[in-house]
Amino acid sequence: MKLVLASSSPRRSALLAAIGYTFEVRATDVDETPLPDETGEALVRRLADAKARAVACGPGEIVLAADTTVVCAGVILNKPEDDAEAAAMLRQLSGRAHDVYTGVTLRHADGEEAFVERTTVWFAPLDEEEIAWYVASGEPLGKAGAYGIQGRASRFVTRVEGSYPNVVGLPVAQVAKLLAKYVQPAS
């Protein structure tokens, strides 16, 4: 079976490669706007499904799609549109816990399999100087919740409960278990 990753995320590609899989990237363009009253869990499930279905799946291929979002106090924090929105998100995360959800869908000739992984992350209290420093780095843009746990924002994280790679963008242990039924990692 040939594995296809329906994502242009360099973080997802790196995580999948790190656990030994070879794959082809076929990025998709799906509207990631949450629906009215949609939960973070429902959002990532819907978007992973949509991304998997948006990529052609030929004979002998399986498509892996994922979507990640951050939810703090019931509010979905997707990717910030600008520095001001990134700073506002970081203020919201400051000194509290939030949940990171990743929806994963695997599509193949016999149908689809999907799951959602949740990880809870705690942030230290952030002052305006730290927020300004981090926003100026450019790292918050393009990342759910306006941070990348694997980068400079790691200095803000005081605790993680659940899958760390899930926060980066792909819950690799669960994905590896799912993929093992269809394709093996390279030796």
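In a DSSP loop and with at most 15 other Cβ atoms within 10 Å, the trypsin sites (Lys or Arg not before Pro) in segment 136-187 are Lys181. Sorted ascending by nearby beta carbons within 10 Å, beginning with the fewest, Asp67, Asp49, Asp110 become Asp110, Asp49, Asp67.
Kirkwood hydrodynamic radius computed over segment 13-64 comes to 12.9 Å, based on all pairs of distinct alpha carbons. Here the extension length gained between Leu35 and Ala17 equals 3.2 nm, from 0.36 nm per residue of separation less the Cα-Cα distance.
Peptides 78-90, 27-39 ranked from most to least packed by the mean count of surrounding Cβ atoms within 10 Å: 78-90, 27-39. A Förster radius of 45 Å, combined with the Cβ-Cβ distance separating Ala88 from Lys181, puts the computed FRET efficiency at roughly 0.60. Taking the C-alpha atoms only, the angle from helix 83-93 to the longest principal axis of the chain is near 90 degrees.
Evaluated with a Cβ-only charge set (Lys, Arg +1; Asp, Glu -1), segment 10-96 carries a dipole of roughly 360 debye about its Cα centre, given to the nearest 20. For the chain, a crude dipole built from +1 on the beta carbon of Lys and Arg and -1 on the beta carbon of Asp and Glu, taken about the Cα centre, is about 720 debye to the nearest 20. For Leu141 and Glu112, the FRET efficiency from 1/(1 + (r/R0)^6), where r spans their Cβ atoms and R0 equals 41 Å, is about 0.85.
Could you point to the residue in Gly58, Thr39, Val70 farthest towards the positive end of segment 26-86's charge dipole, with +1 and -1 charges on the Cβ of Lys/Arg and Asp/Glu respectively? Farthest along the dipole direction, towards plus: Gly58. Here, P(r) means the percent of Cα pairs in each 10 Å bin from 0 to the largest distance; for segment 27-91 it is 19, 42, 27, 9, 2. When the trypsin sites (Lys or Arg not before Pro) in segment 37-82 are filtered for DSSP coil states and for at most 16 other beta-carbon atoms within 10 Å of their beta-carbon, no site remains. With the helix formula -39500 (n - 2.57) applied to DSSP H stretches of n ≥ 4, the chain reaches a computed 222 nm mean residue ellipticity of -9000 deg cm²/dmol.
In segment 2-179, one over the average inverse separation of all distinct C-alpha pairs is 16.5 Å, which is the Kirkwood hydrodynamic radius.
A straight line joining the Cα centroids of segment 122-187 and segment 1-72 runs 16 Å.
The eigenvalues of the Cα gyration tensor, multiplied by 5 and square-rooted, give segment 126-173 an equivalent ellipsoid with semi-axes of 21, 12, 7 Å from largest to smallest.
We did not get these values from a lab; they are worked out from the coordinates using the rules stated. Keep in mind it's a predicted model, so treat the numbers as computed, not measured. Because the Cβ atoms are built from the backbone with ideal geometry, glycine has one as well, and the counts that use them run over all protein chains shown.
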